[in-house]
Amino acid sequence: MPHTLWSTAWQDGPAAEPPGRGTEVVVSVTEFVTHRPWTTFSVGAAGMRLRRTWPQTPGAVGMWLWADVGPRMNRSGSITVWTAREHLLGFVARPDHRRIVHAYQGRGTLRSATWHTPFTGRTALRESAWRLLSGDGPWPASGS
């Protein structure tokens with residue numbers, strides 16, 4: 001079944017000044033599939049609250065939130081771009097992020113992929129993430 005994916009507009013982070021072409025960035029894609037579709041709305045609301053803090057998130061270049069608006073409407077997540085892996089790890093460890101993860105533990109399945117890539121523009125980064133989310137490209141194996 002084809003996926004109908006929707007995303008927010010790009011949200012700048014404090015490191016949003018476009019990196020020089022070819023500068024390495026870290027891309028992280030998350031997907032949370034809820035066990036019950038109605039949970040997706042509260043997950044999305046939590047993501048939007050975190051998104052409001054994005055302009056003050058150290059090392060954040062930018063991000064999109066996304067949702068699958070297909071029949072089940074139970075998939076959503078984020079595509080984030082960072083200057084370095086330690087900034088991504090700092091965000092994941094933040095108390096507000098940890099509270100959200102804890103609140104939805106057991107209510108769905110999370111998977112993520114993270115990779116380093118030369119910055120070639122937002123469009124190229126989004127397209128590579130979209131291939132994973134749409135099923136047109138394989139998710140990396142765990143530990144990759």
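Considering (1) touching a Pro at 6+ places or on another chain (Cβ under 7 Å); (2) farther than 27 Å from Arg21 by Cα; (3) not hydrophobic (A, V, I, L, M, F, W, C), the lone condition that Pro55 does not fulfil carries the number (2). For the stretch 16-44, residues that are exposed (fewer than 11 other Cβ atoms within 10 Å of the Cβ) and free of Cβ contacts under 8 Å to residues at least 60 places away in the same chain total 2.
For Arg51, state whether it is assigned to a helix (DSSP H, G or I), under 16 Å from Val29 (Cβ atoms), touching a strand residue (DSSP E or B) at 6+ places or on another chain (Cβ under 8 Å) and open to solvent by 40 Å² or more (accessible area, probe 1.4 Å). No: the conditions fail for Arg51. Residue-level check: of (1) open to solvent by 20 Å² or more (accessible area, probe 1.4 Å); (2) under 19 Å from Phe41 (Cα atoms); (3) touching a residue at least 60 places away in the same chain (Cβ under 8 Å), Gly70 misses just (1). Annotation: of all residues in the stretch 79-122 being more than 21 Å from Leu5 (Cα to Cα), in contact with a helix residue (DSSP H, G or I) (Cβ under 8 Å, 6 or more places away or on another chain) and among the hydroxyl-bearing types (Ser, Thr, Tyr), the one that is surrounded by the fewest Cβ atoms within 10 Å (Cβ to Cβ) is Thr117.
Gly137 meets the conditions (1) open to solvent by 40 Å² or more (accessible area, probe 1.4 Å); (2) without any contact (Cβ under 8 Å) to a residue 40 or more places away in the chain; (3) in contact with a helix residue (DSSP H, G or I) (Cβ under 9 Å, 6 or more places away or on another chain) in every case but one. The failed one is (1).
The values are calculated or read from the model by the stated rules, or taken from the named source; none is laboratory data. Keep in mind the model is a prediction, meaning the values are calculated, not measured. Cβ coordinates were reconstructed from backbone atoms using ideal geometry, including for glycine residues, and neighbour counts include every protein chain displayed. All accessible areas refer to the heavy atoms of the entire protein, side chains included, with ligands and DNA or RNA removed. Shrake-Rupley method; radii C 1.70, N 1.55, O 1.52, S 1.80 Å.
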